[in-house]
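Bear in mind these aren't lab numbers, they're just calculated from the coordinates by the rules spelled out. This is a predicted model, so every value here is computed, not measured. In this analysis, Cβ positions are derived from the backbone assuming ideal geometry, glycine residues included, and neighbour counts consider all displayed protein chains.
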Amino acid sequence: SQELEQSPQSLIVQEGKNLTINCTSSKTLYGLYWYKQKYGEGLIFLMMLQKGGEEKSHEKITAKLDEKKQQSSLHITASQPSHAGIYLCGADGEGAQKLVFGQGTRLTINP
Amino acid sequence: DSGVTQTPKHLITATGQRVTLRCSPRSGDLSVYWYQQSLDQGLQFLIHYYNGEERAKGNILERFSAQQFPDLHSELNLSSLELGDSALYFCASSVWPWSPQHFGDGTRLSIL
């Protein structure tokens with residue numbers, strides 16, 4: 001079965017700094033999703049990547065799927081307190097019928 | 001607001017009891033998914049329904065069952081509850097099985 005490993009597990013950065021979160025899959029990725037979760041709340045959909053080399057941006061968040069389609073990165077530029085939360089990557093397991101999630105990366109932004 | 005509605009938000013009950021969690025998907029979404037989130041297991045897929053039919057099952061216990069009704073809302077039934085069933089239960093919906101899933105705010109289930 002497919003497994004996703006996220007790194008780092010937690011990250012503390014100074015406001016205004018850039019940061020990167022990685023998601024590595026044990027199998028080829030056919031659909032990779034990034035979500036953000038505030039503690040104890042629902043997941044907010046950020047972006048979906050499907051093609052190798054694909055890169056998408058939304059405001060100050062950029063996500064990329066590498067050419068070999070086994071790793072994705074999420075990059076935040078000039079971090080703000082509103083970026084704090086838990087970031088989860090999810091991948092299509094067994095033909096888009098369900099999502100398998102990484103364990104999450106807890107991001108803290110210090111003023 | 002994702003447009004996915006889950007009720008109730010909180011549920012406190014005792015071991016051995018049975019509960020029903022309800023989910024109303026976003027307007028126009030045909031797929032409904034259920035997930036369980038706990039500190040030790042993370043976010044785990046339970047089951048997926050598409051337009052009333054079961055499409056995929058994850059590590060869902062036999063004590064748990066779900067269904068999707070003709071109006072597309074879904075219910076997750078949990079019976080013979082154990083302490084370990086305490087968790088956040090999320091419902092998500094999408095237009096098609098391969099389109100992005102949008103999550104509700106979850107139901108926090110506490111077993112005493």
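Remarks
- The listed peptides A:45-54, B:40-49, ordered by packing as a protection proxy, come out as B:40-49, A:45-54 (highest mean of other Cβ atoms within 10 Å first).
- Loop-located trypsin sites (Lys or Arg not before Pro) in region A:62-111, at most 12 other Cβ atoms within 10 Å (DSSP): A:LYS68
- Computed over region B:56-105, the percent of Cα pairs more than 16 Å apart is 53.
- Sorted on the mean count of surrounding Cβ atoms within 10 Å across their residues, most packed first, peptides B:9-22, A:73-86 read A:73-86, B:9-22.
- Counting every pair of alpha carbons in the protein assembly as shown, the share spaced more than 23 Å apart comes to 47 percent.
- For chain B, the orientation-averaged shadow of the C-alpha convex hull comes to 6.4 nm² (one quarter of the hull surface).
- Gained length - B:SER86 relative to B:ALA14, 0.36 nm times residue gap less alpha-carbon distance: 24.9 nm
- Pairs of lysines in the protein assembly as shown (C-alpha under 21 Å apart; 8 or more residues apart or interchain): 27
- Debye intensity ratio I(q)/I(0), log10, chain A, q values 0.12, 0.19 Å⁻¹ (C-alpha model): -0.37, -0.92
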